[in-house]
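Trainee: To start, I am sharing the structure in question, which I have written as structure tokens.
Quick note: the coordinates plus some simple rules give every number you see, no bench work behind them. Please read all numbers here as calculations on a predicted model, not as lab measurements. Here the Cβ positions follow ideal geometry from the backbone for every residue, glycine too, while neighbour counts run over all protein chains shown.
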Amino acid sequence: MRTRYPVTPHVPEPETEFKPIGIAVFDALGIADPEYTPGEQIALMRLRRTDMANEVMLRLQAQGHRATGKDYWRLRTRRLADKNVDRDFLFLTPVGKHRADALARTLAKQFGLHHFIRSESRYHANLTCTCGWSTSLSLNQGHMASQVSRAAARHFMAVRDREASAQAETSMPMEAVHG
Ligand SMILES: [Zn+2]
């Protein structure tokens, strides 16, 4: 599956320190993130609906995995999802969202996807990509929003160039054969 990199990459808003109360309790008790079956992973990603979650979901489906009603039901029994009774749809609880985001990052990294995670302190903005690339921008450098999106765009361009040259290398022998 080939990825298209937008000229203006999507950079999410800076993350806050807010933790759902359920997660804070799990952390305090030292309970690690649970394991999910591929079906449960797809169900979580589908309910989360962020760009990263959507792309991860497509990769899982491309591997032949599917989510069944049982997978959604198990998310409900683990209190990661709940049902809106009036309008009959499922939504993620705050703990479910937190778990889904953590899972999306882990899987995005495994799939080699490029999605940005942004955090800000008083003097710096940190931009991290799920591929491992990261940069830190000083608040003295002027308009932070445009700094961040320029840095993100530069990363996408570098990735695109790298993929293009990898593509050229693999197709070289064929072109040589056909003159
Ligand atoms: Zn990246």
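Trainee: Lys and Arg at +1, Asp and Glu at -1: add these up for the other residues within a Cβ distance under 10 Å of Arg78 and post the number.
Mentor: Around Arg78, the charge tally is +3.
Trainee: Under a crude label model (7 Å from the Cα following the beta-carbon direction), how far is Glu169 from Glu13 in nanometres?
Mentor: 4.2 nm
Trainee: If you don't mind, there's one more thing I want to ask. Percent of alpha carbon pairs in segment 111-152 separated by more than 18 Å? Please list the in-between numbers first.
Mentor: Numbers: 194 of 861 pairs.
Tail of P(r) above 18 Å: 23 percent of Cα pairs.
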